[in-house]
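K.L.:
Got a structure for you, questions after.
The values are calculated or read from the model by the stated rules, or taken from the named source; none is laboratory data. Just so it is clear, the structure is predicted and the values come from calculations on it, not from any experiment. So basically every Cβ, Gly included, is an ideal-geometry build from the backbone, and we count neighbours across all protein chains shown.
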Amino acid sequence: MSLREHYDRHILPHLIDVAMRAPMATREREQLIPLARGRVLEIGAGSGLNIAHYTSDVSALLALEPNEKLRRKAAPKAAAAPFEVEFIALNGEDLALDEHSIDTIVTTWTLCSIADPNKALQAMRRVLKPDGQLLFVEHGRAPDARLARWQDRLNPAWSCIGGGCNLNRGPDTLIKDAGFVLESLEEGYLEGPKLLTYHYKGVARRA
């Protein structure tokens with residue numbers, strides 16, 4: 001096994017789990033996740049940190065997570081959930097669910113690292129019911145031109161050490177370009193380095 005493979009397989013999942021436990025991330029979850037209802041598809045479920053924030057309005061959760069170690073970390077949380085949780089070991093671009101079969105799709109800090117976010121969002125739109133909702137909180141491109149230029153410069157190195165995470169994507173634009181309408185959108189810096197912490201949070205529906 002190469003050093004890079006060892007890092008991606010054994011070290012990166014732990015770093016992701018620790019980073020996603022930050023208080024700022026928890027606060028965003030507490031505000032967004034309780035809006036989910038019905039049959040929920042979570043893209044990039046990670047170590048299952050969203051599970052505790054779903055309410056009784058959720059009937060079932062399909063937790064899509066390609067990383068085996070993160071799925072293992074999430075398993076105890078899934079076992080304690082008051083609804084059925086099914087793990088799907090696929091990437092976001094590879095959704096194989098029935099059309100119009102999902103009430104709510106959730107993405108939290110996921111669109112930054114999907115290799116082909118447009119393809120993944122098109123797949124999400126396909127499986128979402130006509131009256132369904134996409135809930136998202138994502139970091140991305142800062143509105144400050146100087147910061148954005150630094151995000152562009154640092155992105156190749158950051159993506160290499162961050163499991164494919166991109167600093168400079170515009171999640172709001174990606175979502176709209178995939179055929180969604182933004183019903184609500186909040187933007188702003190959270191705590192921490194501004195290169196990493198400009199956030200987009202909102203609700204989108206099929207156009």
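K.L.:
Would you be able to tell me the number of residues in region 1-31 that are of a type in the set (A, V, I, L, M, F, W, C) and in contact with a Gly (Cβ under 9 Å, 6 or more places away or on another chain)? Show your work before the answer.
P.N.:
Here is the first cut: in region 1-31, the ones of a type in the set (A, V, I, L, M, F, W, C) are 1, 3, 11-12, 15-16, 18-20, 22, 24-25.
So of that shortlist, the ones also in contact with a Gly (Cβ under 9 Å, 6 or more places away or on another chain) come out as 12, 15-16, 20, 22, 24.
Residues in region 1-31 being of a type in the set (A, V, I, L, M, F, W, C) and in contact with a Gly (Cβ under 9 Å, 6 or more places away or on another chain): 6 in total.
K.L.:
Tell me which residues, restricted to region 119-153, are hydrophobic (A, V, I, L, M, F, W, C), part of a helix (DSSP H, G or I) and within 11 Å of THR104 (Cα to Cα).
P.N.:
Start the filter on region 119-153 by keeping residues that are hydrophobic (A, V, I, L, M, F, W, C), which leaves 120-121, 123-124, 127-128, 134-137, 142, 145, 147-148, 150.
When the remaining residues are screened for being part of a helix (DSSP H, G or I), the result is 120-121, 123-124, 127, 145, 147-148, 150.
The answer is MET124, VAL127.
K.L.:
While we're here: How do the pairs read when you match residues in region 126-150 that are within 14 Å of HIS100 (Cβ to Cβ) and at pLDDT 95 or above with residues anywhere that are polar (S, T, N, Q) and surrounded by fewer than 19 Cβ atoms within 10 Å (Cβ to Cβ), using Cβ under 9 Å and keeping only pairs 6 or more apart or on different chains?
P.N.:
Every condition considered, the pairs that remain are VAL127/SER101; LEU128/SER101; LYS129/SER101.
K.L.:
On to the next question. Against the condition touching a residue at least 40 places away in the same chain (Cβ under 8 Å), under 22 Å from PRO117 (Cβ atoms), touching a strand residue (DSSP E or B) at 6+ places or on another chain (Cβ under 8 Å) and not in a loop (DSSP other than H, G, I, E, B), how does ARG29 come out, does it pass?
P.N.:
Criteria met by ARG29.
K.L.:
When both residues are 6+ apart or on different chains and their Cβ atoms are under 8 Å apart, which pairs have a first residue that lies in region 157-173 and is on the phi > 0 side of the Ramachandran plot, and a second that is among the β-branched types (Val, Ile, Thr) and outside any loop (DSSP other than H, G, I, E, B)?
P.N.:
GLY163/ILE16
K.L.:
From the residues in region 16-50 that are of a type in the set (Val, Ile, Thr) and surrounded by fewer than 20 Cβ atoms within 10 Å (Cβ to Cβ), which one is farthest from the chain's Cα centre (by Cα)?
P.N.:
Taking region 16-50 as the starting set, the residues that turn out to be of a type in the set (Val, Ile, Thr) are 16, 18, 26, 33, 40, 43.
From the residues that got through so far, the ones that are surrounded by fewer than 20 Cβ atoms within 10 Å (Cβ to Cβ) too are 18, 26.
Numbers: VAL18: 16, THR26: 14 Å.
Residue satisfying both the conditions and the ranking: VAL18.
K.L.:
Could you list, in sequence order, all residues of region 171-194 that are in contact with a Phe, Trp or Tyr (Cβ under 8 Å, 6 or more places away or on another chain) and either under 12 Å from ASN118 (Cβ atoms) or among the hydroxyl-bearing types (Ser, Thr, Tyr) (or both)?
P.N.:
Across region 171-194, the qualifying residues are PRO171, ILE175, TYR189.
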